[in-house]
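Student: One structure, pasted below without further comment.
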2 protein chains.
Amino acid sequence: MILIKIGGGKKINLDAICSDIKTLIDKGEQIVLVHGASTIRDEIATSLNHPTKTIISPSGVSSVYTDAKSIDIFLMAYVGLVNKRLVEKLQQHGVNAIGLSGIDGRLWQGKRKKVVYSQIEGKTKLISDSMTGKVEKINSPLISILIENGYTPVLCPPAISDENEIINTDNDWATGVMVGALHIEKMIVLFEAPGMLKTFGDEKSLVKTIKKDELDSYIQYAQGRMKKKVIGAREAFRLGLKAMYWADGRIENPVINALEGGGTIIS
Amino acid sequence: MILIKIGGGKKINLDAICSDIKTLIDKGEQIVLVHGASTIRDEIATSLNHPTKTIISPSGVSSVYTDAKSIDIFLMAYVGLVNKRLVEKLQQHGVNAIGLSGIDGRLWQGKRKKVVYSQIEGKTKLISDSMTGKVEKINSPLISILIENGYTPVLCPPAISDENEIINTDNDWATGVMVGALHIEKMIVLFEAPGMLKTFGDEKSLVKTIKKDELDSYIQYAQGRMKKKVIGAREAFRLGLKAMYWADGRIENPVINALEGGGTIIS
């Protein structure tokens, strides 16, 4: 089973990804997809006069501030618009896709964070209305049932809390937990860059291979959301992953390119 | 198996519906839910400066004019917001719900209407960019797999066309086709009225029972979208339905009330 995570950027070539997925499925591979939708989420949030706010944790990791209204917008963007348009595209490529969010059948379950800390102008502020949490449990039998019956699961946040509330959750962490639950050995992460870059913005500084034990030292190169990818990757390897491929989602044959080492291979 | 269709009005008592569903499931009933989201769809459409437009067919049936942008809004409202908030509520009541749209796993498949006719100021206008169609085929094995594994399916439009496009579709018709495909004998329709009314707006004019063979004569009492309900009901009986319950979705125990004859029973 291969887990493919598709970033939420607008330049991602979804048609090319769907085409590669069809090729892999025809070869007998089992695929699980997880996607983002951050760009479209931000656009809808702005249109609805509730622009996305970012908070920075005391350890320097940025994340989205999510109140109840943000969850509504999150649902519209991730589950409504992006998930279903991706399912439609996969169907057009002959892949019988089923789109599910983490709350359906308690697919992604976790604890809601009662409080979140944010660094604002050098001070630490406590936020208590945050609807976020960390995925701890995967309903892997549900994914297995779907795959056994010929469907390709297309998954996205939000998740569901132990108290049955919808919570926003970090995709990179959730995919790490999925690796463990589904005994996934290969995971592909597609985004708007050729892979891990030593110098932010300089595509020539692509790192071709990283040893999984040396991931920590790469946190220094990681900018913004890349930090979360490194943390998620570390968790995925702890849970049994054999190889992770970070590669360009904007090009032709992005999935095949990733598997053939066109981006960064961590193993 | 009981099919419950929940209208898209804002006064529908979703908590009471979820509570009744939990009671029925605990008694061993199998439940499939289908819901609307018209009020929230219209609100989002207005917020996004793309207000919902209604067209009237030459035979006098009103429906929503759906272009590609309307499909995006439709996805946000039906699949994103309303479906997932209902799944969350069911989970809170102890029902392991899974929300799916008609495009997931080709659950609701049909033909896109290449042209739609609209009556405007006495003239018939041809509309060619309409993304609408009629459901003809149900993926009933998928619904069976979910139910057999302890999940309660929560379904909503849109559907998928034979050419793999997302199409808006009439819920009342689609539920009729589901009745045939799943051999459903009982169907409950919950909306913001006590049942079929002889006089529009007069809740005292409730019709307690209708013989299925006399449904046609009730088209004269049906106003606006109620016409579609009568047409959908006719199709459901043609496909094997034994009893249909039209009842109030705003009250306590709306599902139990419907089954006990508190609204209109058609049989």
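We did not get these values from a lab; they are worked out from the coordinates using the rules stated. The structure presented is a predicted model; accordingly, all values stated were derived computationally and were not measured. We place every Cβ from the backbone using ideal geometry, glycine too, and count neighbours over all the protein chains shown.
Student: Which order do peptides A:132-139, B:153-160 fall in by mean Cβ count within 10 Å, highest first?
Tutor: My ranking of the peptides, most packed first, is B:153-160, A:132-139.
Student: If packing is taken as the mean number of other Cβ atoms within 10 Å per residue, what is the order of B:162-170, B:94-102, highest first?
Tutor: B:94-102, B:162-170
Student: What residue of chain A sits with its beta carbon nearest the rotation axis taking A to B, and at what distance in whole Å?
Tutor: Its Cβ sits closest to the axis: A:G80, 1.
Student: In whole Å, what are the Cα extents of the protein assembly as shown along the three principal axes, biggest one first?
Tutor: 76, 45, 43
Student: Peptide B:98-109: average number of partner chain Cβ atoms within 10 Å per residue?
Tutor: Mean partner-chain Cβ count within 10 Å for B:98-109: 6.
Student: What's the ranking of A:104-111, A:214-221 by average number of surrounding C-beta atoms within 10 Å, highest first?
Tutor: The peptides rank, most packed first, as A:104-111, A:214-221.
Student: Once you place label points 7 Å from the Cα toward the Cβ at B:Q92 and A:K114, how far apart are they in nm?
Tutor: About 2.0 nm separates the two model spin labels.
Student: For A:E148 and B:K212, FRET efficiency with R0 = 60 Å and r from the beta-carbon atoms, rounded to 0.05?
Tutor: 0.90
Student: Please compute the average number of Cβ atoms from other chains found within 10 Å of each residue's Cβ in peptide B:81-91.
Tutor: Across the residues of B:81-91, the mean count of other-chain Cβ atoms within 10 Å is 6.
Student: Just name one of B:G60, A:V177, A:G261: the one whose Cα is farthest towards the positive end of the charge dipole of the protein assembly as shown (beta-carbon charges, Lys/Arg +1, Asp/Glu -1).
Tutor: B:G60
Student: Also, I was wondering about something else. Starting from a label point 7 Å past Cα on the Cβ side, list the distances from A:S128 to the same position in the other copies, nm, shortest first.
Tutor: Ordered by increasing distance: 6.1 nm.
Student: Compute the distance in nm between two label points, each set 7 Å from the Cα along the Cα-to-Cβ direction, one at A:K137 and one at B:K242.
Tutor: 3.8
Student: Which whole-number percent of Cα pairs in the stretch B:46-196 have a distance greater than 17 Å?
Tutor: Counting every Cα pair in the stretch B:46-196, those more than 17 Å apart make up 67 percent.
Student: In addition: Cα gyration tensor of the stretch A:124-237, axes a ≥ b ≥ c as square roots of the eigenvalues: rounded (a/c below 1.5), prolate (a/b > b/c) or oblate?
Tutor: oblate
Student: What translational D, rounded to a whole number of µm²/s, comes out for the stretch B:2-266 from Stokes-Einstein when the hydrodynamic radius is the Kirkwood one over Cα pairs, at 25 °C and 0.890 mPa s?
Tutor: 132
Student: Moving to a separate point now. Just checking the output field for A:68-80: average partner chain Cβ neighbours within 10 Å of each residue's Cβ?
Tutor: Mean shielding by partner chains, rounded to a whole number: 5.
Student: For B:D42 paired with A:T199, estimate the spin-label separation in nm (one decimal), with each label point 7 Å from Cα along the Cα-to-Cβ line.
Tutor: 5.9
Student: Using only DSSP helix segments of four residues or longer, with each worth -39500 (n - 2.57), what per-residue ellipticity at 222 nm results for the protein assembly as shown after dividing by its residue count and rounding to 500?
Tutor: -9000 deg cm²/dmol
Student: Still on this structure, please answer the following. Can you give the FRET efficiency for A:K10 and A:E260, using 1/(1 + (r/R0)^6), R0 = 25 Å, r = Cβ-Cβ distance, to the nearest 0.05?
Tutor: With R0 = 25 Å, the Cβ-Cβ based efficiency is 0.50.
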